[in-house]
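Below is one structure, written out as C-alpha cells; comments come after it.
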Amino acid sequence: MESINVLFLLSTFLLAVDVKAQPNNSINVMIPLGSSLSPSANRTSWLSPSGLFAFGFYPQGNGFAIGIWLVDQPQNTIVWTAYRNNSPVTSKATLDLTRDGKLLFRTEEGEENPVADVSAASASMLDSGNFVLYDNSSDVIWESFEYPTDTILGGQNVSYGKDLVSSVSGSDHSSGRFYLRMQSDGNLVSYPVNNTDNSENAYWSSATIISDNFASGVHCSANKISDNVAAVTTDPYERGAVGRGGCSNSYTRSCGRPGGYGGSRGTSGGSIRLSLNQRGLLSLIDCNSSIISVLVNNSYSGDKETTIIYRAILDSDGILKLYSHRFFGNKSSEMIMEWSSLVDQCDVKGFCGFNSYCLGMGFLAECLCFPGFHFVNHKNKFLGCNDKFSVDGCSSSNGPMIPHYSTALPNISWGDYPYSMVRTKQENCESSCLDDCNCGAALYMNGTCNKYKLPLRYGRSQNLSAIAFFKDRRNGDHHRSNPKILMDGKKKIILILSLSLGSIACLCSVIAISCFFQYRRQVHWYRKLSENVNVGFANDFTLRSFSYNELESATDGFSQALSTGSFGSVYKGSLSIGSVTDRTIAVKRLEKFEEEGERKFQGEMTAIGRTHHKNLVQLLGFCIEGTRKLLVYDYMTNGSLADLLFKAKKRPLWKERVRIALEVARGIYYLHQECEVHIIHCNLKPENILMDDTWTAKISDFGLARLSVPNQTRTTMGIEGTSGYSAPEWQKKSLISVKADIYSFGVMLLEIVCCRSNIEVNVSTADEILLSSWVYNCFVVGELDKLVEEENVDMKTLERMVKVGLWCIQEDPALRPPMKNVILMLEGTMDIAVPPSPAISYS
C-alpha cells in the first residue's frame, strides 16, 4: 500500500510541476491589429517566439487551409485547423486581424468567415502551440486550445462536449471517420462517426485503464475507494460498464454535483478532462487538477540541448496515439510514437466500411470485400463494398429469377445482431440462408446458425471456430442452379430482344424517309434563295473605295470637325454603307501623305483593313484622288480616353479604368503579334484611344506611321512622337521597335491609374509635376493610396498596375516587358518584380 501511495504522489507531482520540457519563452511576440497573412504575400504565417509553432496558411490538396503546425523536418505536423471541412482556398485568400479586432478569413470570392467571434486588442502565437487573442487588459479572450480538432498538445485539456475528430488522412485534415468523446459519465470513449454513441459501437474506452488502476488502487490512493468498486467491469464495451468506476462522493464534493453515469458512483462527468502536460503525462483529471487516471506516463525529460514537444492525436485510423518530437541542439529532430490506445487497427470498429472485413495485424491492416461484393471506390477501400447484383427479395411467387449460390469463408466475424439464431448442422445453415430471401450471410459457430441481413459492418478476420456463408450470384457452376428457371428466363430475354430490334428497325426507316424529304425541301429553298439574294451584303465585310465628292457630301463639306491630330483632321459624317443606311462615320483627311504613290497607299490601306479586333477602330474604306487621301472609320460616340480621364466631372470607376487598361493592352498586342502584318503604332496617347457606345476602348490611327519593317528609325519613318508619350529612342534617333509603343502604353497606364496628365503644373508640390516621378516616389515609400485619393480601390490591383507602368517606361528598351507579359501581369497571372527607378524623359 505504501508503494501505491508513492506512485500516486509521483503522478500528481508530474502533473503539477512545470519543468522545461519545451521552450518557455515568457516574451510573447504580439501581433498588432491590422496584420494580415496570405499564401501569395511575403508573410504566410505568424511564428511562436521559439519558431517551433506557426499559425497561418498551409498547403492542402490543390489549395490552402488555415491552421497551426509544428515546424519540423522533413514536413510540418498539422495540429489544428480552422474551418477544416471547407474546401481548400486559392492563393488569393487572406487572414486579417482587422483594425476593429476581428480575426477574419476572407476567400478570393470575398466571403468573410470569422475564425474567432470576439473583438481583440492583439494576438500571439505561443510556444505551447496555442494561438490566443487578448483584450485591452492583456487577458486571453479566445484560444485555439479551447477548440481542438484531432490533436492536443502539452498544457491542453479536452473536456465534456469537446470531441477529438480524426482527420481523413495525413494530408487531408478535414473531419474523418472516428471521434474521441469525453462523456458526461466521466469516461473517455472512441466511436466511429455516424453511429449512436453506445457500447455496441465503442471500440476503446478509458474504463479499461481505470479498471486496472482500481485493481492497484493507484488513482484513488489518496481518497477512500467506494464500496461500489467491486461493480467495475474490465470489459469497456459492456453496456453499463462505461464510466461506472470512480471515487466516493467525498472525492468529488468540491467539483460540483456528485455522481455521473451510475448515480452517486463516480466523479461528476462534466468536471473530468483529458489532459496532456508538457512532460508527456497523458491522464484524466478532475476540476481540481487531481489525477483520476493515468493513460500514459512518460518519464523522459531530455537535457539542456534537447527540446521535447508532446502531441496526442486521434489518428486517421481511429487510434489515440502519443508522439514526442525531439529537437536537438544540432538542429536535427526525430519523432517517436510513445504510446497508442490500440496496437491493432482491426480492433477499430468501422476501420473497414460496410460489407468488407479487416485483415492483418498491427498498423498495417487492409480491407477486403466479402465474396460477391466489390469496392465502392478502389482508391479508397475504407469506404466499403457493394453487392454487384443487389438482393431482389421475395417478389416472385415462382422463386427468384436468378439463382443464388453460397461461398464459404472461415475465420470471419462481424458486429451486427442476427435476425435468426437456430441450432442446426453446418450444411443446413448454408441451405437455410440460400432459401431465405432476407438472408445476406450466415455465420455458423458452436452449432448455431446465425442469419444476417445486409449490409454487414465491423467485419474482421480472426481465429475463430466459425465459418461464414455468403449469398453469391457470380459463380454459375454451382450445384444449386435451376434449369427450368434459367430456360424460362432465356425465352423471355429472346422475346424482349426480338421486339426491341424490330421496333428499332421501324424507327430507323421512319427517320430515313423523313430525312430524305427534309433534304429535298432544303435544296428547293436554297435554289430559290440563290436566285433572289442581294449580293450587296458583301460590302459590309470588304474595304470600300469612296470618291472625294461622295465623302464631301457625306460630311456636309467637311463642316463638323471632331479633332485634329498628327496625321490630319477628323470630320463627322453620315453615309449608307452596305446594308446599313445613314451610318455615322468619321472621315480623316490625311495631310502628310502627298509623297505616297497611289498603288503603295492602296496596298497599305488594304493591309490595315484586314485588321479585325474588338479593341481597334474599324477602317471602313478610303479615298485616293491625286494628293487627296481620306480614310473612313466607324464613328465612336463617347469621345476619347483623354476626355474621360482629364475632362469628365467625375472620375471613372476604378473597375472601369482597370478594364480599359486591359482592353488597350490587348489591342496593342494584336497589332504587334496577331494581325496578318505586324504594325507599330508610334503615336499612342489617350487622344487616340476612342470609346464606343458601350464604353469599350478602341485604338485609332494605327498603321499610319507605316507598316512595321525591321530596322526602322525615326528618320526613315518620317514621323514625330507626341511629347510626353514618345520613348527615349526617338530623341537618340535609335532603332524604333514595338518597345516604343510599350513605353507610350506605360505612360498612359499611369495616367489611367491617377486620372491626370503625365505633366501637370497646377499641383500642390513640385514633386507631383511629372507623373512618373511622383508615382515612383509614392511606390518606394508605400503611399500608393495618395494616387487614387478617396476612391474604393483594390490596393493589390493598384500596386500591380503601378509596377507594370514603371517597368514599361524604363529608359532601356530591353527592360520593358513584351506586350504579352504586360497583359499577364495586369491580369495577375504573372509575378512582377520590383521595378527600378525609370529615367524620366521629357521628349
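Coordinate-derived values only; no laboratory data. Keep in mind the model is a prediction, meaning the values are calculated, not measured. Counting neighbours? That spans all protein chains shown, and the Cβs are built from the backbone with ideal geometry, glycine included.
Brief remarks follow.
- Region 23-153, dipole about Cα centre (Lys/Arg Cβ +1, Asp/Glu Cβ -1), debye to the nearest 20: 340
- Karplus-derived HN-Hα couplings along region 438-450 (A = 6.51, B = -1.76, C = 1.60, θ = phi - 60°), whole Hz, x at Gly and Pro: 8, 8, x, 7, 10, 10, 9, 8, 6, x, 10, 9, 10
- Phi-based couplings in Hz for region 33-38 (Karplus 6.51, -1.76, 1.60; Gly and Pro marked x): 5, x, 6, 8, 10, 7
- Debye, to nearest 20: dipole size of region 641-827, +1 on Lys, Arg Cβ, -1 on Asp, Glu Cβ: 300
- Placed amide H near S293: partners under 5 Å, 5+ positions off or other chain: L284
- Put simply, the amide H of G639, placed in the peptide plane, has neighbours under 5 Å in M691, leaving out anything fewer than 5 places away on its chain.
- The fewest-to-most ranking of R816, R521, R659 by surrounding Cβ atoms within 10 Å reads R521, R659, R816.
- Close amide H contacts of W80 (hydrogens built in the peptide plane, cut-off under 5 Å, sequence separation of 5 or more or a different chain): I68.
- Footprinting exposure proxy ranking of C755, C429, C808, fewest other C-beta atoms within 10 angstrom first, gives C755, C429, C808.
- Cα-based shape type of region 23-153, given that a ≥ b ≥ c are square roots of the gyration tensor eigenvalues and the cut on a/c is 1.5: oblate
- Sorted by Cβ neighbour density within 10 Å, fewest at the top, the residues R423, R177: R423, R177
- Where only C-alpha atoms are counted, convex hull volume of region 641-827 per residue in Å³: 123
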